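Here the structure comes first, spelled out in structure tokens, and everything after it is commentary.
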Amino acid sequence: MNSGKGRNIELKEIQQQQVIEPELEGISQAVEENPTDLETQPLRRSLRERHEPERYEFLVTTHGDVILVDQDEPKTYQEAVASSDSEKWLEAMRSEMDSMSENQVWTLVEPPEGIKPIGGKWVFKKKTDMDGNVQTYKGRLVAKGFRQIHGVDYDETFSPVAMFKSIRILLAVAAFHDYEIWQMDVKTAFLNGILEEDVYMTQPEGFVTPENAGKVCKLQRSIYGLKQASRSWNLRFNEAIQEFGFIRNEDEPCVYKKFSGSIVSFLILYVDDILIIGNDYQPYSLSRLG
């Protein structure tokens, strides 16, 4: 048939519609009558063989034993003195105490009334080489800074560090001009920071003498663990390094420059790591920081 602008409707199309519609009605009616038929069908599961990830296989021996990777480092002072390496740990702690004494980190005073001193903790670490062999035993005294009270024994805590893009830029400059590059770190860097607040800490465990048993440490310098330790070190470093003639970058506070005739020097500070770039190496002494 052909009526006006409509399309031709064939008899075959009409017959297909009449056949399909009853079939759909029958399927929907069957689902309504037996809704549990679909629920009882077993779920299809992948037949692919599953394997455990291989990224941790180096921690497991051929016998299935798990290798401990903490290197048996003591967690407390008691564990350190009771371990088989007690002499080495004690030597590491004595070295740390010698550094505290040389830098005059604290003075022993009677505990002020109403002041609750923060605690201290020994942290032990084994330094290893690339083959995993222990090279040094490190014992560090850390203050429990989480017990500090804002406005009482600390105020500002922010300390800048060099941005990685600044390091990359200066490395590119060094490569282009064939400058020399030296890297150094400052031993016990945070002990050089001078505290502006009154901070009291209990005496280190294992190093309390009977005549000073009732006294506490009044900190003169910052130590690891204090909330303002990094800031105090950065302020002290900035003051000392400018005495050597270095100029601080206004946009990057951890990048310094120094020009003396044809000699060009750049210094980058990242916490306690220092990168020196220049065309004439002069070993700048940082002993004046102490």
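Residue by residue, here is whether (1) more than 30 Å from residue 77 (Cα to Cα); (2) of a type in the set (Lys, Arg); (3) in a loop (DSSP other than H, G, I, E, B); (4) open to solvent by 40 Å² or more (accessible area, probe 1.4 Å) holds:
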| residue | (1), (2), (3), (4) |
| --- | --- |
| 152 | no, no, yes, yes |
| 167 | yes, no, no, no |
| 175 | yes, no, no, yes |
| 184 | yes, no, no, yes |
| 198 | no, no, no, yes |
| 203 | no, no, yes, no |
| 226 | no, no, yes, no |
| 250 | yes, no, yes, yes |
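Could you give me the residue pairs with C-beta distances under 7 Å whose first residue belongs to segment 191-220 and is closer than 27 Å to residue 234 by Cβ, whose second residue is among the hydroxyl-bearing types (Ser, Thr, Tyr) and open to solvent by 70 Å² or more (accessible area, probe 1.4 Å) wherever it lies, and which are 6+ apart or on separate chains? Final answer for the pair search is none. When every residue of segment 115-123 is checked against the conditions, none turns out to be β-branched (Val, Ile, Thr), open to solvent by 70 Å² or more (accessible area, probe 1.4 Å), free of Cβ contacts under 8 Å to residues at least 24 places away in the same chain and part of a loop (DSSP other than H, G, I, E, B). Looking across segment 158-177, the residues that are touching a residue at least 60 places away in the same chain (Cβ under 8 Å) and either among the small types (Gly, Ala, Ser) or farther than 20 Å from residue 250 by Cα (or both) come down to 159, 162, 166, 174, 177.
Would you please name the residue that is surrounded by the fewest Cβ atoms within 10 Å (Cβ to Cβ), looking only at residues in segment 131-150 that are closer than 30 Å to residue 85 by Cα and of a type in the set (D, E, K, R)? Once the filter is applied, the top-ranked residue is 131.
The values are calculated or read from the model by the stated rules, or taken from the named source; none is laboratory data. Owing to the predicted nature of the structure, the values given are computational and were not obtained by experimental measurement. Cβ sites come from the backbone with ideal geometry, for glycine too, and all protein chains shown count toward neighbours. Heavy atoms of the whole protein, side chains included, go into the accessibility calculation; ligands, DNA and RNA do not. Shrake-Rupley method; radii C 1.70, N 1.55, O 1.52, S 1.80 Å.
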